[in-house]
Each structure stands twice: as structure tokens, then as C-alpha cells.
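Undergrad: Structure below; questions to follow.
The values are calculated or read from the model by the stated rules, or taken from the named source; none is laboratory data. Keep in mind that what you see is a predicted model, and the values were worked out from it rather than measured. Positions of Cβ are backbone-derived with ideal geometry, glycine not excepted, and every protein chain shown enters the neighbour counts. Heavy atoms of the whole protein, side chains included, go into the accessibility calculation; ligands, DNA and RNA do not. Shrake-Rupley method; radii C 1.70, N 1.55, O 1.52, S 1.80 Å.
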Amino acid sequence: MNITRHCDLCNHQKIDLINGSTCGLTDKKPEFTKNCSKIDFHDKLESKLKEVNIKYQKIKNEKAVTYIYFVVFLGIALGLLVGGYLLGTYAYDKGVVSTTPFIIMAIGLIPLGLAFGALNNHRNQFKIAEMKKKKVDEVLPLYHIDYTIQVQFGKKYHGVQEVTTDLKMKGI
């Protein structure tokens, strides 16, 4: 485990462009093996826990909408592709050669890209949020800290959503 994960939760952490993450008490890079004896978890830990869990829960809640979006746009794309193909075979059987079916099938590729793009974007964002949550959750047992959090999403006003959290920590 990277020991700077401990520092990311500590109030003593100092970050600069030259040295990176250093301890505010010693002005040196972290030098401990398992855990830091002078770690200060007060405000930074609480805000980090809330931030990571809100992001994780938000992306987790968007899963159903993303899959519905995927299915709808996949259906539209397949409808255009199959419709273009059937139109082309029908026109060819009647002795007409036209580029219209190819144009329809090419247009069908647009919603296909939208469907898979949204699905891949959701999966990537979920993996990133899950990894960030895991990094925080791996550090806390070393300091005998346990927490429970309940995240509730309220109404969305002008692109900003209300979020309330109930965080309870044990061992701090």
C-alpha cells in the first residue's frame, strides 16, 4: 500500500509541486511502515469519506438509467441498420440501385456509438469511484476506524443536486 494514502486523510499533509506530499510536522516525506503515530484525522477524513461515498453512490444509482439509455439507442441503431438493409434488398429486387439504404445504415451507426459510448463511460466512472472508495477504506482498518454512511439525494436545481449524508464513525 502506498503510504501517501494515509497522508491524504491527515490534516498535517502539505502538498507542493517540488516535493509532492510531505508531513506538515516534519516537512519530510512520510517515513512509517504500517501506520503513522501522529496522524490527525479530524476534518479531512470526514470530508474525504463524504466526497468518495457520494460520488460512488451517485454513479451506482445511475446504472439503471445508463442501461435503459443503452438499450433504447441500441434498438434505434439496429432498427436503422436492419431497415436500411431491408430497404436496399427490396429496392434491388425491384431493379433499383440506390445509395439511400447505405445512407440510412450509416446514420444507424450514430446511435450505436452513443449507446456504447454511454455504457463505457458509466463503467469507467464506476471503476474510478470504486477504486477511490477502496483506497480510503483500506487505510481506516489500520487505525481501527469503522464508519457507516447514508447518502440521500434530493432535488436537482440548475444542474446542482441536493445531497444529505449521515456519517457515523467509530474509533476516532
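Undergrad: Calculate the translational D of the stretch 96-172 in whole µm² s⁻¹ from Stokes-Einstein, where the hydrodynamic radius comes from the Kirkwood formula applied to all Cα pairs, the temperature is 20 °C and the viscosity 1.002 mPa s. Can you show the working numbers first?
TA: Working: Rh = 17.3 Å.
Taking Rh from Cα pairs, D becomes 124 µm²/s.
Undergrad: Hey, another quick one. Can you tell which of GLY84, VAL71, GLY95 lies farthest toward the positive end of the dipole of the stretch 1-99, using +1 and -1 charges on the Cβ of basic and acidic side chains (Lys, Arg; Asp, Glu)?
TA: Result: VAL71, furthest along the dipole toward the positive end.
Undergrad: So for the stretch 29-172, averaging the separation of alpha carbon pairs under 8 Å that are six or more residues apart and normalising by length, what relative contact order in percent results?
TA: This gives 26 percent for the stretch 29-172.
Undergrad: Report the residues of the stretch 1-26 in range of a label on MET131: point 7 Å along Cα→C-beta, backbone N strictly under 16 Å from it.
TA: Label zone hits: 1-2, 5.
Undergrad: Full-extension gain between VAL65 and ILE107, please, as 0.36 nm times their residue separation minus the C-alpha to C-alpha distance. Before the final figure, lay out the partial values.
TA: Working: separation 42, 0.36 × 42 = 15.12 nm, distance 2.39 nm.
Answer, rounded to one decimal: 12.7 nm.
Undergrad: When only alpha-carbon atoms are used, what values of Rg and Dmax, in angstrom, describe the chain?
TA: Reported Rg and Dmax, both Å: 25.7, 85.
Undergrad: Now a separate question. Roll a 1.4 Å probe over the protein chains and send me the accessible area per residue for the stretch 121-172 in Å².
TA: That works out to 75 Å² for each residue.
Undergrad: Now for a separate question. Please state the Cα pair-distance histogram of the stretch 132-172 with 10 angstrom bins from zero: what percent is in each bin?
TA: Going from the shortest bin to the longest, the percentages are 24, 38, 25, 12, 0.
Undergrad: Right, here's the next one. For the stretch 10-60, list log₁₀ I(q)/I(0) at each q in 0.17, 0.22 Å⁻¹, using the Debye formula over Cα point scatterers of equal strength and ignoring solvent, two decimals each.
TA: Taken in order of the listed q values, log10 I(q)/I(0) reads -0.65, -0.86.
Undergrad: Another question, if that's okay. Largest first and in whole Å, give the semi-axes of the stretch 59-104's equivalent ellipsoid, each being the square root of 5 times a Cα gyration tensor eigenvalue.
TA: Numbers: eigenvalues 247, 11, 3 Å².
Equivalent-ellipsoid dimensions as semi-axes: 35, 8, 4 Å.
Undergrad: Give me P(r) over the stretch 84-137, computed from all C-alpha to C-alpha distances, binned every 5 Å, as integer percentages.
TA: Pair shares across the bins are 4, 17, 14, 11, 9, 9, 8, 7, 6, 5, 4, 3, 2, 0.
Undergrad: Quick one: Cα convex hull volume of the stretch 20-113, Å³ per residue?
TA: 171 Å³
Undergrad: Can I ask one more? Once you have the Cα-Cα distance between PHE116 and TYR85, take 0.36 nm times their residue separation minus that, and quote the gain in nm to one decimal.
TA: Full-extension gain reported as 9.0 nm.
Undergrad: While we're on this one: Could you state the number of Å between the C-alpha centres of the stretch 117-172 and the stretch 6-56?
TA: Distance between centres, Cα-based: 18 Å.
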